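The values are calculated or read from the model by the stated rules, or taken from the named source; none is laboratory data. Keep in mind that this is a model prediction, so the values were computed, not measured. Every residue, glycine among them, receives a Cβ derived from its backbone with ideal geometry; neighbour counts consider all protein chains shown. Ligands, DNA and RNA are stripped out before the accessible areas are found, and what is left, the full protein with its side chains, is counted by its heavy atoms. Shrake-Rupley method; radii C 1.70, N 1.55, O 1.52, S 1.80 Å.
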Amino acid sequence: MNENLRPALDTIRNGGRVAVLTGAGISAESGIPTFRGQDGYWTVGSREYHPQELATWAMFSRHPERVWPWYLYRRSICANAQPNVGHDALVRLEKHLRDRFTLITQNVDGLHIRAGNSLERTYEIHGNLHRRRCAESCCPEQWAIPEGVSTPKRNGTLANDDPALLRCPRCDAWTRPHVLWFDECYDEEKYRYESSLNVAVQADLLIVVGTSGATNLPMQVGAIAARRGAAIIDINPTENPFSQLAQRIPSGVVLTGSAGTILPTLVDHLIHGSDDA
Ligand code: OAD
């Protein structure tokens with residue numbers, strides 16, 4: 001075992017709290033493109049719009065029929081993907097730690113929940129593209145994407161019946177994908193903003209997996225955890241702001257490589273290492 005992991009093992013053995021923060025990298029080995037990698041959604045772009053323009057309330061409010069196909073296309077990729085060994089490892093960690101475990105994920109693919117992490121302990125801070133809500137906020141409810149909605153190809157369009165199927169069941173306005181857009185803010189009700197900050201305050205160990213650290217709330221979580229003296233482990237094939245943060249603190253560990261290779265072994269160490277001691 002890497003001796004540098006001692007603070008993490010001690011944390012678990014002593015009843016400490018563990019926060020795990022995941023990004024697109026953990027789902028890369030399930031075949032879901034990341035955002036900023038070579039084939040990433042933000043890198044490749046779509047035919048008429050740069051995706052960063054599509055992923056906005058400004059665009060949806062003018063052209064919902066153009067924004068929906070892109071999310072339905074991405075949803076089909078996620079629906080066809082399977083959770084991988086990295087996701088499975090986090091299910092084992094939650095089973096071991098129970099209410100001492102919280103998973104904060106930026107991923108909208110729903111794979112953590114499908115793998116078996118609980119809804120209660122998984123904060124989907126950027127939403128989930130398998131769900132939709134009223135675009136006019138007539139109510140807080142969320143619904144699944146209805147049966148019968150088409151699956152557009154990349155840069156495809158909605159089928160004729162789709163707009164009616166994608167109406168709000170309550171007020172008949174458009175529904176929208178339950179995802180946080182670039183021109184929107186985090187909040188507690190939909191995206192667990194304050195809860196995530198609280199988790200950072202209470203964490204004794206923060207494990208960061210597969211994120212480039214380009215969004216605001218995850219960076220705050222990392223900064224708070226570091227300031228409060230938590231141990232930090234970063235798992236990523238490339239250097240990123242969290243690996244730099246981990247390098248700056250005494251109980252930080254950088255594990256360079258893919259989530260699927262590193263996370264199962266790390267979780268074994270954390271569970272069995274703390275049992276053995
Ligand atoms: P990015 O695409 O920005 O970064 C993916 C990270 O995963 C990079 O640091 C890669 O090095 C790393 N990575 C790639 N393959 C990996 C593997 N097999 N194992 C571990 N790590 C791997 O994706 P995110 O950081 O998740 O927000 O992006 C954050 C947010 O930016 C997204 O949630 C999305 C986007 O705008 C919204 O849509 C609101």
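Of the set (1) open to solvent by 70 Å² or more (accessible area, probe 1.4 Å); (2) under 14 Å from G23 (Cα atoms), all apply to T261 but (2). Within the range 111-127, being of a type outside the set (K, R) and either open to solvent by less than 10 Å² (accessible area, probe 1.4 Å) or more than 14 Å from the ligand (Cβ to nearest atom) (or both) holds for L111, H112, I113, A115, G116, N117, S118, L119, E120, T122, I125, G127.
Among the residues making up the range 25-37, those that are assigned to a loop (DSSP other than H, G, I, E, B) and open to solvent by 20 Å² or more (accessible area, probe 1.4 Å) are E29, S30, G31, P33, T34, F35, R36, G37.
Kindly establish whether V201 is under 30 Å from R6 (Cα atoms), open to solvent by less than 70 Å² (accessible area, probe 1.4 Å) and either touching a strand residue (DSSP E or B) at 6+ places or on another chain (Cβ under 6 Å) or at pLDDT 95 or above (or both). Considered against the rule, which asks whether it is under 30 Å from R6 (Cα atoms), open to solvent by less than 70 Å² (accessible area, probe 1.4 Å) and either touching a strand residue (DSSP E or B) at 6+ places or on another chain (Cβ under 6 Å) or at pLDDT 95 or above (or both), V201 comes out as yes.
Of all residue pairs spaced 6 or more apart or on separate chains, those with beta-carbon atoms under 9 Å, a first member in the range 141-152 that is in contact (Cβ under 8 Å) with a residue 12 or more places away in the chain and a second member that is of a type in the set (D, E) and buried (at least 17 other Cβ atoms within 10 Å of the Cβ) are G148/D162; V149/D162; S150/D162; P152/D162.
So for the range 258-275 (the condition being in a loop (DSSP other than H, G, I, E, B), under 23 Å from V85 (Cα atoms) and near the ligand (Cβ under 9 Å from one of its atoms)), does at least one residue qualify? Yes, the range 258-275 has at least one match. Picking from residues in the range 212-239 that are within 12 Å of the ligand (Cβ to nearest atom), more than 21 Å from R6 (Cα to Cα) and in contact with a strand residue (DSSP E or B) (Cβ under 7 Å, 6 or more places away or on another chain), the one that is most open to solvent (accessible area, probe 1.4 Å) is P237.
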